Amino acid sequence: MEKLRELSIRAKKYSVICQFFRALVQPEYSAVTDVYVLMFLADTVDFIIIVFGFWAFGKHSAAADITSSLSEDQVPEAFLVMVLIQFGTMVIDRALYLRKTVLGKLVFQVILVFGIHFWMFFILPTVTERRFNQNLVAQLWYFVKCVYFGLSAYQIRSGYPTRVLGNFLTKSHNYLNLFLFQGFRLVPFLTELRAVMDWVWTDTTLSLSSWICVEDVYAHCFVLKCWRESEKRYPQPRGQKKKRVVKYGMGGLIVLLLICIVWFPLLFMSLIKSVAGVVNRPLDVSLTITLGGFQPIFTMSAQQNQLKDLTEEDFSSFISSYSYTPSALQFLEAYSREDVTVAELQGSSNSLWTISPPSRQYLIMETRSCVSQSWLNIYCCLFVYGPVLSPFVQSDDQYKDILLALERSTNQSREIQEWWIVDQPAASLLQVGASLSDRREAGLQLFVFSDKVSPPSLGFLAGYGIMGLYASVVLVIGKFVREFFSGISHSIMFEELPCVDRILKLCTDIFLVRETGELELEEELYAKLIFLYRSPETLIKWTRR
């Protein structure tokens with residue numbers, strides 16, 4: 001008897017649970033509601049939190065900084081997985097909403113609740129090595145997800161709506177709905193993705209192109225309806241010129257915007273380094289002296305303590321020493337004290353001049369055949385200001401200063417190559433090489449001028465250069481602007497419609513018969529819509545006030 005009693009108690013418990021789920025899936029009566037928009041907004045907020053707060057979901061904050069990772073063309077695997085899962089749940093939610101499957105939504109809700117709680121309270125603290133109550137970004141993400149769970153539970157309890165007609169932003173015809181709807185359509189691929197998903201998970205006889213055609217007609221007529229309603233609220237008397245507030249407010253802003261777009265690359269490249277530039281101090285300064293293509297006769301580098309900053313007094317005295325040299329001042333005015341680094345190089349070379357006897361003999365013969373001229377090249381990784389060879393030249397023969405300086409710039413550094421000419425016979429040239437190892441007490445002091453570089457957050461734009469910005473930004477924007485200002489005459493027939501109520505009613509009827517399953521009538525109404533746009537006379541009759 002006791003076993004039978006226990007079995008009956010368990011059966012009652014199971015029956016209560018089954019009755020609960022049966023009431024959710026097949027309710028006798030429910031006030032049907034639609035909170036999909038709120039669920040979508042909650043998922044969107046969570047998506048944004050993942051993108052901008054990804055550092056809180058990784059073990060090492062610096063390594064998980066998504067902005068720096070993307071700027072280096074690197075995508076963390078954990079970030080990719082989280083974004084794809086979040087986006088995948090949004091797609092599944094949309095599919096369940098279009099199919100109106102309450103049972104599928106219930107199963108999906110249970111999986112999400114258990115999966116997210118297990119990940120949030122067990123897996124994430126292990127990965128990040130931080131407790132949940134110490135992770136503010138994770139708490140914010142979880143709070144928004146709990147809001148989504150509450151909305152989903154309310155949707156399951158109430159049931160999906162039997163009819164899904166149009167976009168939720170097209171329920172009213174005012175400026176707010178107009179601008180929100182236009183912004184919704186400007187998001188890349190959002191309109192196209194929504195149209196394709198709706199076509200996939202909605203019963204219809206229309207092809208994909210016909211479906212998109214109906215959606216485009218409905219969106220176009222909604223925009224026209226909003227503008228006609230605004231003209232009714234704020235009528236413009238006939239024969240009255242436009243007010244200055246409208247002309248200078250709207251026209252002036254457009255003129256200013258177009259001017260900024262045209263000159264944006266020049267202003268951006270000019271201000272990004274002078275105003276927002278980051279000081280780019282050198283980490284290593286190397287000096288190499290070679291004779292033609294032979295082995296270097298002198299090699300030295302300066303690092304760490306050998307690289308010193310100038311004080312304000314030293315920099316001022318350095319500038320004043322060239323106050324009567326316009327060419328030097330023209331160069332120096334582009335730099336400040338923070339951009340100058342003094343590199344102190346020892347006079348002795350790091351390595352011996354390992355020239356082989358045959359090469360040495362060939363060098364002597366080559367210099368004699370060239371009469372008295374040979375090239376002595378100095379290669380510096382950064383700009384070197386002032387004479388360099390003078391401490392090493394032991395001969396009193398003809399000595400010439402810098403003949404030519406060529407500059408090669410990049411985003412991160414500046415490279416200068418300076419050529420020196422020494423009029424010496426071969427023996428004197430070899431003496432110059434030997435003197436480098438003899439003057440061990442000598443030293444070189446190089447003034448390194450480093451250009452500022454763009455900050456990391458704007459490096460992706462600065463990397464294009466002026467011509468790249470013109471090609472990728474100005475010309476692309478100019479193409480869209482040109483489309484707005486040209487080709488208007490070809491769209492007058494569809495833009496200047498006094499009243500679009502009947503066309504909107506026809507589109508709504510197509511949505512309605514589709515939801516009720518009358519697919520033959522859907523085809524007939526679509527054919528009527530196509531005929532309407534093919535016949536200008538009929539379109540004029542339909543759009544009269």
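The values are calculated or read from the model by the stated rules, or taken from the named source; none is laboratory data. Since we're looking at a predicted model, the values are computed, not measured. No Cβ is skipped: glycine too gets one built from the backbone with ideal geometry, and neighbour counts run over all protein chains shown. What goes into the accessible areas is simple: the full protein's heavy atoms, side chains included, and nothing from ligands, DNA or RNA. Shrake-Rupley method; radii C 1.70, N 1.55, O 1.52, S 1.80 Å.
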Open item on the list: Whole-Hz ³J(HN,Hα) for each residue in region 492-497, computed from phi via Karplus 6.51 cos²θ - 1.76 cosθ + 1.60 with θ = phi - 60°, x for glycine and proline: what do you get?
Closed with: 4, 4, 9, 8, 8, 9
- [ ] May I ask for the distance between the Cα centers of region 490-507 and region 128-149, given as a whole number of Å?
- [x] 49 Å
Task: Cross-link table K171/K241; K105/K528; K100/K505; K232/K505, entries beyond 27 Å C-alpha to C-alpha - done: K171/K241; K105/K528
Open item on the list: Quick query: amide H of Y160 versus all other amide H atoms, modeled in the peptide plane; which residues come in under 5 Å with a sequence gap of 5 or more or a different chain?
Closed with: none
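Ordering R99, R94 by accessible area with a probe of 1.4 Å, largest first, what comes out? Spell out each step's value before the answer.
Working: R99 115, R94 20 Å².
Per-residue accessible area, sorted high to low, gives R99, R94.
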- [ ] At 1.4 Å probe size, with no ligands or nucleic acids counted, give the accessible surface of D509 in Å², nearest ten.
- [x] 40 Å²
Open item on the list: Under the 0.36 nm per residue contour assumption, what length would be gained going from the current alpha-carbon distance of T162 and Y533 to full extension?
Closed with: 130.5 nm
- [ ] Would you calculate the separation in nanometres between label points at S336 and V246, each defined as 7 Å from the Cα along the Cα-to-beta-carbon direction?
- [x] 4.8 nm
Open item on the list: Give me the one-decimal nm value for the distance between modelled label points at S489 and V127, 7 Å along each residue's Cα-to-Cβ direction.
Closed with: 6.0 nm
Task: W227 accessible area, assembled protein chains, probe 1.4 Å, Å² - done: 100 Å²
TODO: Name the residues whose placed amide hydrogens come within less than 5 Å of the amide hydrogen of V285, ignoring near sequence neighbours (fewer than 5 apart) on the same chain.
DONE: A302
- [ ] Could you tell me the accessible area of Y526 in Å² (1.4 Å probe, neighbours in place), rounded to the nearest ten?
- [x] 40 Å²
TODO: Mind listing the long-range amide H neighbours of Q346? Cut-off is under 5 Å, sequence gap 5 or more, other chains count too, H placed in the peptide plane at 1.01 Å from N.
DONE: L444
- [ ] Just subtract the alpha-carbon distance of L103 and Q346 from 0.36 nm times their residue separation and send over the number in nm, one decimal.
- [x] 79.4 nm
Task: Karplus (6.51, -1.76, 1.60) ³J(HN,Hα), θ = phi - 60°, over region 104-117, in Hz, Gly and Pro reported as x - done: x, 5, 5, 5, 4, 5, 5, 4, 5, 4, 5, x, 5, 5
Open item on the list: Using a 1.4 angstrom probe on the protein heavy atoms only, could you order R157, R514 from most to least accessible area?
Closed with: R157, R514
Task: Rounded accessible area per residue of region 172-317, 1.4 Å, Å² - done: 65 Å²
Task: Net charge, Y160 excluded, C-beta distance under 13 Å - Lys, Arg +1, Asp, Glu -1 - done: +3
Open item on the list: From zero outward in steps of 10 Å, how is the percent of C-alpha pairs of region 31-164 spread across the bins?
Closed with: 11, 40, 30, 15, 4, 0
Task: Vicinal HN-Hα couplings computed from phi for region 223-237 (Karplus, 6.51 cos²θ - 1.76 cosθ + 1.60; Hz; Gly/Pro x) - done: 4, 5, 4, 5, 5, 5, 5, 5, 5, 6, 6, 10, x, 10, x
Task: Of all accessible heavy-atom area on region 31-164, the percent that carbon and sulfur account for (1.4 Å) - done: 71 percent
Open item on the list: Run the simple label-point estimate for Q304 and N174 please: 7 Å along Cα→C-beta, distance reported in nm.
Closed with: 6.9 nm
